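The values are calculated or read from the model by the stated rules, or taken from the named source; none is laboratory data. Remember, predicted model here, so these are calculated numbers, not experimental data. Glycine also receives a Cβ, built like all others from the backbone with ideal geometry; neighbour counts cover every protein chain displayed. Protein only, heavy atoms only, side chains kept; ligands, DNA and RNA dropped before computing areas. Shrake-Rupley method; radii C 1.70, N 1.55, O 1.52, S 1.80 Å.
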Amino acid sequence: MPTIKYRISSRVHNGQAEVLARFYDGEVSQRAKTRIIAPVTAWNSADGCLVIPRKTTPESVNLREIQRKLDELTDTICNAWWRDRFDVRDGWLQQVIDEFHAIPQKKSRLTLRDLCEERNAELQLDAATETKYKVLLTALERFAGKRTLYVDDFTSDDVEVFAAFYRAEPTSNGVVVRSSNTVSGKMRSLRTLFSYAVNKGYISQNPTAKYKIATEVYGDPIYLTIEERDQLYAFEKLPARLAVQRDIFIFQCHVGCRVGDLLRLRQENVTDDGWLQYIAHKTRKSLPKTVRVPLSDVALEILARYRDVSGDRLLPFISAQKYNDDIHEFARLAGLDRMVIVLNKQTFEEEQHPLWEVTTSHTARKTFMEAMFRATGSERITSAFTGHADGSRAFARYTHVDDDMKRNALDNLKK
């Protein structure tokens with residue numbers, strides 16, 4: 001026999017919340033939104049219904065009307081089940097409920113491209129995050145070939161096959177082998193995309209739920225020492241174009257911002273008393289706090305050098321990719337050839353590379369964080385400069401307490 005249970009949503013607005021439905025019979029189990037709103041204080045969680053006072057009041061009359069509608073919905077779902085029980089697909093329960101409320105159905109099935117575009121538009125994702133999901137979508141379409149990917153057709157088996165495909169993707173030029181971290185990142189994005197579909201009622205279960213996403217593994221962060229940073233800034237034999245990009249990199253080393261924020265900085269982000277202030281774009285929705293960084297003498301010197309050529313921008317920045325290409329080049333010319341150990345993300349074996357070869361725009365941010373944490377010994381002070389959220393796993397990688405810091409701490413205790 002089919003079973004229908006109701007519960008109240010945890011999303012409460014003005015003391016009311018939506019009633020959610022769960023239907024199951026044998027192997028069929030689906031969840032959906034009832035589109036019925038009820039007072040939270042009148043809901044009996046144990047019985048899955050409203051508690052209605054015997055005394056007739058405007059409130060009790062309203063509660064009876066809501067309960068009557070829920071009872072009618074229960075009858076409608078049961079009747080639909082006996083009608084459709086041999087052909088029940090994902091989203092069946094939500095469709096029955098929407099028909100009960102006379103909500104028009106979409107004429108065509110939802111494709112993964114439709115879903116991705118809808119999510120991007122509704123959540124107003126920043127450019128970098130939107131690009132990340134577009135890359136995922138193109139990978140899914142390469143995987144599908146001529147097959148159209150519908151949201152309600154994607155199964156847990158498809159998830160496994162797609163993961164294997166993306167890990168070692170065949171192309172006309174051979175096989176593109178991707179690291180475990182890269183695959184894990186894409187599968188997390190896929191899980192998030194299908195979670196959105198579940199929340200919207202397009203499907204009842206996330207097909208990625210049983211897929212085990214590997215934990216991403218990283219080696220020790222690579223950064224420049226203060227001496228290497230200053231050596232790079234003092235190097236005078238760079239072509240003019242590379243000297244400009246070198247100065248931007250050094251500025252980033254002194255303020256610790258992400259490259260995405262660096263690109264967006266304008267003259268008005270600098271206060272009259274020499275502070276850089278901005279809201280980190282990556283965390284603007286979850287942590288919209290203003291990051292304030294006092295500008296060092298070197299940072300102020302660089303800003304003054306390019307004040308007349310940058311327009312309203314803070315610095316004459318080029319594209320992020322070209323910036324990284326130039327970083328490799330000027331770091332090589334300046335002799336940043338200290339050998340560093342890098343974890344190969346495909347084989348998980350240690351490899352040695354010259355510092356210039358692995359230096360990127362994010363190295364500037366790491367350099368700032370390492371120097372600040374070493375100077376203060378405080379995660380809280382350092383994160384106030386970098387805009388990291390409290391408890392950030394990424395931030396924890398950059399706050400390693402080394403032997404020198406331990407010795408300094410003991411010396412301070414003796415004093």
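Run R68 past the list (1) out of contact with any Phe, Trp or Tyr (no Cβ under 6 Å at 6 or more places or on another chain); (2) not in a helix (DSSP H, G or I) and report the number of the one that doesn't hold.
(2)
State yes or no: is I103 surrounded by fewer than 16 Cβ atoms within 10 Å (Cβ to Cβ), touching a residue at least 12 places away in the same chain (Cβ under 8 Å) and among the hydrophobic types (A, V, I, L, M, F, W, C)?
yes
So which of N181, N199, N206 is at pLDDT below 95, over 30 Å from E350 (Cα atoms), of a type in the set (S, T, N, Q) and open to solvent by less than 70 Å² (accessible area, probe 1.4 Å)?
N206
To keep it simple, each residue is scored yes or no on (1) at pLDDT 90 or above; (2) open to solvent by less than 30 Å² (accessible area, probe 1.4 Å); (3) more than 22 Å from F373 (Cβ to Cβ).
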| residue | (1), (2), (3) |
| --- | --- |
| K212 | yes, no, yes |
| T215 | no, no, yes |
| P221 | no, yes, no |
| T225 | yes, no, no |
| R229 | yes, no, no |
| L232 | yes, yes, no |
| E236 | yes, no, yes |
| A240 | yes, no, yes |
| V244 | yes, no, yes |
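When you look at P2, is it free of Cβ contacts under 8 Å to residues at least 40 places away in the same chain and either under 17 Å from T74 (Cα atoms) or over 33 Å from the mean Cα position of the chain (by Cα) (or both), yes or no?
No, not satisfied.
A280 fails exactly one of the following numbered conditions: (1) surrounded by 16 or more Cβ atoms within 10 Å (Cβ to Cβ); (2) modelled with pLDDT of 90 or more; (3) of a type in the set (G, A, S). What is the number of that condition?
For A280, the exception is condition (2).
Of the residues that make up the stretch 3-13, is at least one assigned to a loop (DSSP other than H, G, I, E, B), open to solvent by less than 60 Å² (accessible area, probe 1.4 Å) and under 15 Å from Y202 (Cα atoms)?
No, that holds for no residue.
Please go through the stretch 154-190 and pick out each residue that is acidic (D, E) and without any contact (Cβ under 8 Å) to a residue 12 or more places away in the chain.
The one that is acidic (D, E) and without any contact (Cβ under 8 Å) to a residue 12 or more places away in the chain: D157.
What number goes with the only condition from (1) open to solvent by 70 Å² or more (accessible area, probe 1.4 Å); (2) touching a residue at least 60 places away in the same chain (Cβ under 8 Å) that E349 does not pass?
Result: E349 fails condition (2) only.
Among residues belonging to the stretch 115-131 that are buried (at least 16 other Cβ atoms within 10 Å of the Cβ) and touching a residue at least 24 places away in the same chain (Cβ under 8 Å), point out the one that is farthest from V259 (Cα to Cα).
Looking at residues that are buried (at least 16 other Cβ atoms within 10 Å of the Cβ) and touching a residue at least 24 places away in the same chain (Cβ under 8 Å), I get L115.
Residue check, A214 against (1) among the aliphatic types (A, V, I, L, M); (2) within 34 Å of the chain's Cα centre (by Cα); (3) within 21 Å of Q321 (Cα to Cα), all met but one. Which one?
It is condition (3) that A214 fails.
Within the stretch 34-57, work out how many residues are open to solvent by less than 90 Å² (accessible area, probe 1.4 Å), touching a helix residue (DSSP H, G or I) at 6+ places or on another chain (Cβ under 7 Å) and not in a loop (DSSP other than H, G, I, E, B).
6
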